[in-house]
Ligand code: SF4
């Protein structure tokens, strides 16, 4: 089991993420939910839920992991980033001060709910940053796996290699944000840094676990053609051109009031990323491009999407293109759509 904190003089140092918070007794870390209690840093949110919902797996977004199925999605509070454009700030930028103590489930109770849910492939740890919920997701995910459920982590990827290695053991699929391909963006706008996120992406990809990536495109901040070309080039070279990339449309939220991303920008960046990557999608909008899945080898349409509803077409029972045999989905079942 990973050691999550250690003694640092008369303080305790958190080993979970690269912030390395050094906390006095009773003090909370940057994430607002991990606290030095008796010389050990632990999450104060074990089992505390901010939201629980049976979502289409496409909403995570994961487009290449059991498409058409649901996943029971659970979130808590807090985050180890401070993005001023956060699209979920009501829960992510709050800590223990707003916890509703009535909304608590044990790992056993959450797994039981997941087992009963319709067309459900497992549990997604999402909505806020799940890494800071480490103890709860570990206990729940291990139990969920024993019951035949899959575990999905939707994360910002800002985590140290040791805890990440343990997370990879009990997680089946990841969607990780790559918020920008510029370190100064990370430092100025998120309070974190780029390099640890790149290391996380490489570790997840190297583990063979399912990986998809999301980049929220914000006008004037990370929407340049050069940056998109560099990002797509890096993903193709380091992780593989088959890794799906979701370009998500930004809307003004929290402390940032730049106007919503123009559709034209999303189309342009979609074209650039598609030169290097097999599966690029455009989300949070109904723009015509980047909704469907096209076989990268023979060019026929294999999945039609409209919002979160999907139609699987021109696919065999193993998730291969029925025209040329290319494997489109490694994790696939025909029955739900
Ligand atoms: S997980 Fe929280 S307490 Fe630990 S280093 Fe990161 S921000 Fe600090």
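Every residue in the range 20-48 that is in contact with a strand residue (DSSP E or B) (Cβ under 6 Å, 6 or more places away or on another chain), more than 9 Å from the ligand (Cβ to nearest atom) and closer than 18 Å to residue 130 by Cα, please. Of everything in the range 20-48, those that are in contact with a strand residue (DSSP E or B) (Cβ under 6 Å, 6 or more places away or on another chain), more than 9 Å from the ligand (Cβ to nearest atom) and closer than 18 Å to residue 130 by Cα turn out to be 44, 47, 48. Those residues that are within 26 Å of the chain's Cα centre (by Cα) and modelled with pLDDT of 95 or more, I need them from the range 319-334; list them, please. Correct list: 319, 320, 327, 328, 329, 330, 331, 332. Checking 256, 305 one by one, the residue that is surrounded by 14 or more Cβ atoms within 10 Å (Cβ to Cβ), in contact (Cβ under 8 Å) with a residue 12 or more places away in the chain and more than 21 Å from the chain's Cα centre (by Cα) is 256 and no other.
When we screen 168, 213, 152, 176 for residues that are at pLDDT 95 or above and either over 17 Å from the mean Cα position of the chain (by Cα) or part of a helix (DSSP H, G or I) (or both), the only hit is 168. Within the range 179-194, if we keep just the residues that are in a helix (DSSP H, G or I) and touching a helix residue (DSSP H, G or I) at 6+ places or on another chain (Cβ under 8 Å), the residue that is farthest from residue 6 (Cα to Cα) turns out to be 185. Which of the residues that make up the range 89-117 are over 20 Å from residue 32 (Cα atoms), touching a strand residue (DSSP E or B) at 6+ places or on another chain (Cβ under 7 Å) and assigned to a helix (DSSP H, G or I)? If the condition is that a residue be over 20 Å from residue 32 (Cα atoms), touching a strand residue (DSSP E or B) at 6+ places or on another chain (Cβ under 7 Å) and assigned to a helix (DSSP H, G or I), then 110, 113, 114 are the ones that fit. Just so you know, in the range 167-178 the residues that are touching a residue at least 40 places away in the same chain (Cβ under 8 Å) and touching a helix residue (DSSP H, G or I) at 6+ places or on another chain (Cβ under 7 Å) include one that is nearest to residue 82 (Cα to Cα), and it is 178.
Just one of (1) under 30 Å from residue 331 (Cβ atoms); (2) more than 16 Å from the ligand (Cβ to nearest atom) fails for residue 17. It is (2).
The values are calculated or read from the model by the stated rules, or taken from the named source; none is laboratory data. Keep in mind that this is a model prediction, so the values were computed, not measured. Please note: Cβ atoms are built from the backbone with ideal geometry, for glycine as well, and neighbour counts cover all protein chains shown.
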